[in-house]
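K.L.:
Once you've had a glance at the structure underneath, I'll fire off some questions.
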Amino acid sequence: MSAKNSVEAFIALGLTRVEAEVYVYLIENSPATGYAIANAIDRTKGATYKVLGSLERRGAVLIEDAEKRLCKAVPPGEFLKQLDRDFQREKQKAIAATKTLGAAPSDDGIYRLTTYDQIYERCRVMLRECRVVAYLDIFPGPLEELREEIRAAAARGVKTAMIIYKKARIPGVWTIVEPQAETALRKEPFHYVSISVDGRQFLMAVISRKDGRVLDAFWSANLLYSFSMGSYLKYAILAVIYESLIEKNASAAKLREVRGKWYKALPNFISPGFSSLAENARAMNLRKK
């Protein structure tokens, strides 16, 4: 990794640009005086000495207790472990502090997601919160990202079914490979995932395969949209199952047999989202009387 890339990496970890420049310089040039560092990175001596003090307090550099005040970088592996410990400590503080805060009421908005990590963390939370039923249409990349959460949901008894694009087996999950999967994966330069859980939340995302850039993604807990998306995915999965059977010249009896198994495993109107919609409708009717 080049010095420039190293600087950007440490900025991403929370260092200021000047802190990152000083630290990266010292990784390759320890020990050095503050004067030499300032000249090398083209910063003023005052700014450089101030940053050296900051890095010393953060545990990134050691400063000689002598007249020359030579500075030496703490090895990156050691410093990164310290950063991780600091992060975990502050994370626990944040968790404890936010436990006293009340949760905002749910709303019907549709929210755009903008980062790769944001998409997958939201999917993981959705799957962890799921209690009854989950439907997915998912490309191989996203499937690998979410495999453990999907497996855990099924192990809890969540009824789970999904369209996949490469053979995969997850215990307790009804999977069907899209018949045109090879063509889709060859032609489409993106990862795709669509997920509905309990008819209460849904998420759709398209992510560039090349660089992980989010091309488009959104999430919502709107009950009507979530229930509708869950219903769409349920019948899209069943349609793919039928298409696959028809390609194999399955008989009408076989199609009826599979349909019977499908509705036994995934009865209509089992999602909590549908129950909530029905309750809301009943409450509205009572208010009108």
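K.L.:
How many residues does region 46-68 contain that are under 11 Å from residue 26 (Cβ atoms) and assigned to a loop (DSSP other than H, G, I, E, B)?
P.N.:
Number of matching residues: 1.
K.L.:
Under 8 Å by Cβ, and 6 or more places apart or on different chains, what pairs join a residue from region 221-241 that is closer than 21 Å to residue 174 by Cβ with one that is assigned to a helix (DSSP H, G or I) and of a type in the set (A, V, I, L, M)?
P.N.:
Every condition considered, the pairs that remain are 227/277; 241/258.
K.L.:
Residue 182 - would you say it is surrounded by fewer than 13 Cβ atoms within 10 Å (Cβ to Cβ) and at pLDDT 95 or above? Walk me through it before giving the result.
P.N.:
Details: surrounded by fewer than 13 Cβ atoms within 10 Å (Cβ to Cβ): yes; at pLDDT 95 or above: no.
Spelling it out, it is not the case that residue 182 is surrounded by fewer than 13 Cβ atoms within 10 Å (Cβ to Cβ) and at pLDDT 95 or above.
K.L.:
Filter region 154-172 down to the residues that are closer than 17 Å to residue 191 by Cβ and in a loop (DSSP other than H, G, I, E, B) and list them by number. Spell out the reasoning first.
P.N.:
Narrowing region 154-172 to residues closer than 17 Å to residue 191 by Cβ: 162-166, 168.
Those that are closer than 17 Å to residue 191 by Cβ and in a loop (DSSP other than H, G, I, E, B): 165, 166, 168.
K.L.:
Now, a different point. I'm told residue 206 meets every condition in (1) in a helix (DSSP H, G or I); (2) under 28 Å from residue 118 (Cβ atoms) except one. Can you identify the failing condition by its number?
P.N.:
Of (1) in a helix (DSSP H, G or I); (2) under 28 Å from residue 118 (Cβ atoms), only one is false for residue 206: (1).
K.L.:
How many of the residues in region 1-12 are in contact with a helix residue (DSSP H, G or I) (Cβ under 6 Å, 6 or more places away or on another chain), modelled with pLDDT of 90 or more and surrounded by fewer than 17 Cβ atoms within 10 Å (Cβ to Cβ)?
P.N.:
Residues in region 1-12 being in contact with a helix residue (DSSP H, G or I) (Cβ under 6 Å, 6 or more places away or on another chain), modelled with pLDDT of 90 or more and surrounded by fewer than 17 Cβ atoms within 10 Å (Cβ to Cβ): 1 in total.
K.L.:
If you don't mind, another one. Residue 226 versus (1) under 22 Å from residue 148 (Cα atoms); (2) in contact with a Lys or Arg (Cβ under 7 Å, 6 or more places away or on another chain): which is the lone unmet condition?
P.N.:
(1)
K.L.:
Right, another one. Give the residue that is nearest to the chain's Cα centre (by Cα), with candidates limited to residues of region 69-99 that are part of a loop (DSSP other than H, G, I, E, B) and at negative phi.
P.N.:
In this case the residue turns out to be 99.
K.L.:
Something else now. Residue 26 fails exactly one of the following numbered conditions: (1) out of contact with any strand residue (DSSP E or B) (no Cβ under 6 Å at 6 or more places or on another chain); (2) surrounded by 15 or more Cβ atoms within 10 Å (Cβ to Cβ). What is the number of that condition?
P.N.:
(1)
K.L.:
Which residues, taken from region 117-147, are surrounded by fewer than 16 Cβ atoms within 10 Å (Cβ to Cβ) and within 17 Å of residue 169 (Cβ to Cβ)?
P.N.:
Across region 117-147, the qualifying residues are 140, 144, 147.
K.L.:
Next up: Given the residues 151, 43, 124, 131, which is the only one that is part of a loop (DSSP other than H, G, I, E, B), under 30 Å from residue 218 (Cβ atoms) and of a type in the set (D, E, K, R)?
P.N.:
131
K.L.:
Being within 23 Å of residue 136 (Cβ to Cβ) and either aliphatic (A, V, I, L, M) or exposed (fewer than 15 other Cβ atoms within 10 Å of the Cβ) (or both) is the filter here; which residues of region 261-287 pass it?
P.N.:
As a first pass, look at region 261-287 and keep what is within 23 Å of residue 136 (Cβ to Cβ): 261-277.
If the condition is that a residue be within 23 Å of residue 136 (Cβ to Cβ) and either aliphatic (A, V, I, L, M) or exposed (fewer than 15 other Cβ atoms within 10 Å of the Cβ) (or both), then 261, 263, 264, 265, 266, 267, 268, 269, 270, 277 are the ones that fit.
K.L.:
Inspect all residues belonging to region 184-203 and state whether any of them is polar (S, T, N, Q), in the same structural domain as residue 221 (by TED's automatic domain parsing) and over 30 Å from residue 107 (Cβ atoms).
P.N.:
no
K.L.:
Look through 103, 153, 134, 94 and report the one residue that is more than 26 Å from residue 224 (Cα to Cα) and either at pLDDT 90 or above or not charged (D, E, K, R) (or both).
P.N.:
94
K.L.:
Would you please name the residue that is farthest from residue 141 (Cα to Cα), looking only at residues in region 180-203 that are assigned to a strand (DSSP E or B) and polar (S, T, N, Q)?
P.N.:
Filtering first and then ranking leaves 201.
The values are calculated or read from the model by the stated rules, or taken from the named source; none is laboratory data. Every value quoted in this text rests on a predicted model; they were computed, and no experiment measured them. Every residue, glycine as well, gets a Cβ built from its backbone with ideal geometry; the counts of neighbours run over all protein chains shown.
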